[in-house]
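Data first, discussion second: the structure below is written as structure tokens.
The values are calculated or read from the model by the stated rules, or taken from the named source; none is laboratory data. The structure displayed is predicted, hence computed values, not measured ones. Here the Cβ positions follow ideal geometry from the backbone for every residue, glycine too, while neighbour counts run over all protein chains shown. The area values use the complete protein model at the heavy-atom level, side chains included, leaving out ligands, DNA and RNA. Shrake-Rupley method; radii C 1.70, N 1.55, O 1.52, S 1.80 Å.
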Amino acid sequence: MDNLSTADNADGAIETRGIEPVPDHERHGRVRELFPTWVAANISVLLLTMGAALVVFNALNFWQVLIVAACAAAISFGMVGVVSVSGKWGGAPGATLSRATFGVRGNLFPGAILWIARFGWETINAVTGAYAVLTVLDLLFGIKSNTALIVVTLFLFVACTFLVSGMGRKALNVCNTWSTYLFGIFSVLVLGYLIAHIHWSEVFSKPAGTTAMVIAGVGTIAAGGISWVPTGPDFARYLPRAASGKKIVGVTVSGAGLVMVPMVLMGAVMAVASPGLAQASDPVSFLGDLLPTWLAVPYLLTAIIGMLLINSLSMYSAGFTAQTMGVKLPRAMAVSINAVISLVGGLMLMLVAKSFLGSFITFLILLAVSFSAWIGVYAVDMFRRRTRAVRYDAAALMDTSRNSRYWYKAGFCWQAMVSWVAALLLGLAFTKCDWFSGPFSGTPIGKYGLAWAATIVISAAIMAVLPTPRENTSGTAEETAAAKAEQAEETGQPVTV
């Protein structure tokens, strides 16, 4: 645990707090601060490419794409919002709170999977940001991409991401707010340009696709949001206990939907004018062909800032995961591990991989399944804790000894571990992608791209029917007093003894 002053943690420009729960006297955040966070988390031109893919590969029309985008935003970030509520309950990152669900040692296994998956997401975002920089250099100065320039551009993008993520929550909130304004302004300009120049008769005359492709499209678009679910508590842990859970969910969904829905629709509309968009060698250069330079350049610059912030948010949470797994480094230093891996992985994707989009879609499919197994188990555990006297014990969350409240049996909560492993294996069995096809991928669940949904249901169902885990506590007087104080703060009622 970091031995830091209250001032350093609460008001400093550089956040130095690690995975330890935030004390109540430092929790002065407001729910509305989550809005720019989740707006910024979706400022990525990849949504344009994904919207185009819904038209080109899924053969959906405009109205079906609208339904897919709206459903994906509501479902995925609805889950983010719900899980974020546990952040204000315990005042700790999701990776730390997960110890209470899986056990001190058991938490290391799903934590490792989530950590590895986040490497991939950060690599994808870093590559997209680097491609955006290369496109701007080409549009402004006629500088063509080459191996040396790719290496330099990717390195600079990852380095900037590392610096911003190391500054912490307060700096990220400021950056997110301003990037939201800038990106919103230029998105409106791009939308206006499209309205004036796109042949709308072609857009609305496109025939409807099949229901199966609509459902599969929801899963593809929602995968990005699903990857944020375990990290939702990270950004809500500075909220006071009395903060409204309903408002947390509402702000999270509205912030994400404000960006996801119009960008996916814009990508679908662009695909009508340029059908090759979804099959481009990189996910960014098409903007230089579809938009005039005076609009494409500032739009890409704001998008670069947005993607840098997305990666910063991801690395910010990944630092907590690393510390929870036992990496004996301050959070900012733990983030550097992700930065190095993003750089190496990005170079492989930009210089070696043959298809960016194919690799990206496959990654999304596997990402959704790997995160969904955790979601189902954690959700059931949250549901059980909502009425408990002590929801999360701050001291026990940081205690990794055999005396920890969350030690369970040999450090493992066997109910959670069985549920997670079974759901993960069955979810993969229903999965079909370029890299992997499970034995059950030919079933309706596999054909409709619902492996992620099945994984959540399976993990939650198994966790729910197994015996409720027993924590290592005897219900001390101190715990009872703390519970009453917590309930009184949330309800606004006086403490009674």
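Note on segment 174-268: enclosed helices (runs of 4 or more DSSP H) holding 3 or more residues that are of a type in the set (Val, Ile, Thr), open to solvent by less than 40 Å² (accessible area, probe 1.4 Å) and in contact with a helix residue (DSSP H, G or I) (Cβ under 8 Å, 6 or more places away or on another chain) are 211-226.
Does at least one position in segment 443-463 carry a residue that is open to solvent by 50 Å² or more (accessible area, probe 1.4 Å), within 29 Å of Gly358 (Cβ to Cβ) and of a type in the set (D, E, K, R)? Checking segment 443-463: at least one residue is open to solvent by 50 Å² or more (accessible area, probe 1.4 Å), within 29 Å of Gly358 (Cβ to Cβ) and of a type in the set (D, E, K, R).
Residues in segment 385-403 that are closer than 14 Å to Ser98 by Cα and either touching a strand residue (DSSP E or B) at 6+ places or on another chain (Cβ under 7 Å) or open to solvent by less than 70 Å² (accessible area, probe 1.4 Å) (or both): Arg385, Arg391, Tyr392, Asp393, Ala394, Ala396, Leu397, Met398, Asp399. The residues on offer are Gly358, Gly376, and the sole one that is out of contact with any Phe, Trp or Tyr (no Cβ under 6 Å at 6 or more places or on another chain) and surrounded by fewer than 18 Cβ atoms within 10 Å (Cβ to Cβ) is Gly358.
Those residues that are under 30 Å from Ser145 (Cα atoms) and of a type in the set (Gly, Ala, Ser), I need them from segment 102-131; list them, please.
Across segment 102-131, the qualifying residues are Ala117, Gly120, Ala126, Gly129, Ala130.
Scanning segment 375-396 for residues that are among the aliphatic types (A, V, I, L, M) and farther than 17 Å from Val83 by Cα gives Ala389, Val390, Ala394, Ala395, Ala396.
Just to be sure before I move on: is Val22 open to solvent by less than 10 Å² (accessible area, probe 1.4 Å) and in a loop (DSSP other than H, G, I, E, B) in the structure I sent?
So Val22 fits the description; yes.
Just need a number here: residues in segment 115-131 that are modelled with pLDDT of 85 or more and open to solvent by 10 Å² or more (accessible area, probe 1.4 Å). Result for segment 115-131: 1. Filtering Ser44, Ser84 for residues that are outside any helix (DSSP H, G or I) and either open to solvent by less than 10 Å² (accessible area, probe 1.4 Å) or polar (S, T, N, Q) (or both) leaves a single hit, Ser44. Among the conditions (1) open to solvent by less than 70 Å² (accessible area, probe 1.4 Å); (2) closer than 27 Å to Arg470 by Cα; (3) of a type outside the set (Gly, Ala, Ser); (4) touching a residue at least 60 places away in the same chain (Cβ under 8 Å), the only one that Gln415 does not satisfy is (4). Restricting attention to segment 430-442, the residues that are touching a residue at least 60 places away in the same chain (Cβ under 8 Å), open to solvent by 20 Å² or more (accessible area, probe 1.4 Å) and of a type in the set (Ser, Thr, Tyr) total 0.
Evaluate the following for Ser370: is it part of a helix (DSSP H, G or I), within 20 Å of Gly94 (Cα to Cα) and modelled with pLDDT under 95?
Details: part of a helix (DSSP H, G or I): yes; within 20 Å of Gly94 (Cα to Cα): yes; modelled with pLDDT under 95: yes.
Yes, satisfied.
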